[in-house]
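The values are calculated or read from the model by the stated rules, or taken from the named source; none is laboratory data. These numbers were taken from a predicted model, which means no experiment stands behind them. Virtual Cβ from ideal backbone geometry, glycine too; neighbours counted across all protein chains shown.
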Amino acid sequence: MSPNVNYLYAPPLNMSQVRLRRERHFGRDDPLYHPQPFLLSTPHLALIITPQVDIQNKFYPAWIVPRNEHFVKRDTSSPRTDMGVVIEDFAKLLITMAESVLKNIHDDARTDKFVTEGAWGLQLELSRLEVPATLEQCLLRIRIIQRHVLELDARVRALTLNASDHEQDLVLLEK
């Protein structure tokens with residue numbers, strides 16, 4: 001923009017560039033950090049829990065920003081000395097959190113495509129925690145697990161809320 005012109009360029013409408021940003025999240029398009037509108041196609045995005053700072057909260061590990069100290073190098077004798085894994089204590093926190101969400105999936109939710117694919121994806125990422133990778137790959141794995149946990153929990157809660165709403169409707173119809 002120059003002060004010597006009498007017009008402004010219109011910004012592109014409905015154009016958004018989703019890309020990985022600082023601290024490995026997706027900026028304004030990331031439902032974990034920015035509230036999302038309620039849409040019937042993805043109601044769970046509006047139900048993602050807020051960041052937790054209480055270390056006693058079961059979702060606290062989902063909000064820890066992955067850093068270099070969460071990575072430990074493995075097998076420095078190999079030609080790839082930059083390979084390592086997620087540090088064991090942090091991996092245990094992630095696994096415990098993920099298992100609690102997976103255990104809370106009720107039978108009705110298991111028929112939901114998002115839940116089945118999300119649970120499968122979460123289990124796959126958990127199995128990769130012990131596979132050596134570069135620092136960046138390990139930190140991205142952490143973020144993927146965190147996101148899977150939060151979205152899966154929100155989806156199951158959304159389905160539970162939806163089911164309880166229908167139960168109330170049925171009770172009203174019976175009366």
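Mind checking whether some residue in segment 121-141 is out of contact with any Pro (no Cβ under 7 Å at 6 or more places or on another chain) and under 19 Å from Thr160 (Cβ atoms)?
Yes, the conditions are met somewhere in segment 121-141.
Just wondering, is there one or more residues in segment 65-75 that are surrounded by fewer than 17 Cβ atoms within 10 Å (Cβ to Cβ) and under 16 Å from the mean Cα position of the chain (by Cα)?
yes
Which of the residues spanning segment 70-87 are modelled with pLDDT of 90 or more and in contact with a Gly (Cβ under 6 Å, 6 or more places away or on another chain)?
Residues satisfying the conditions are Phe71, Val72.
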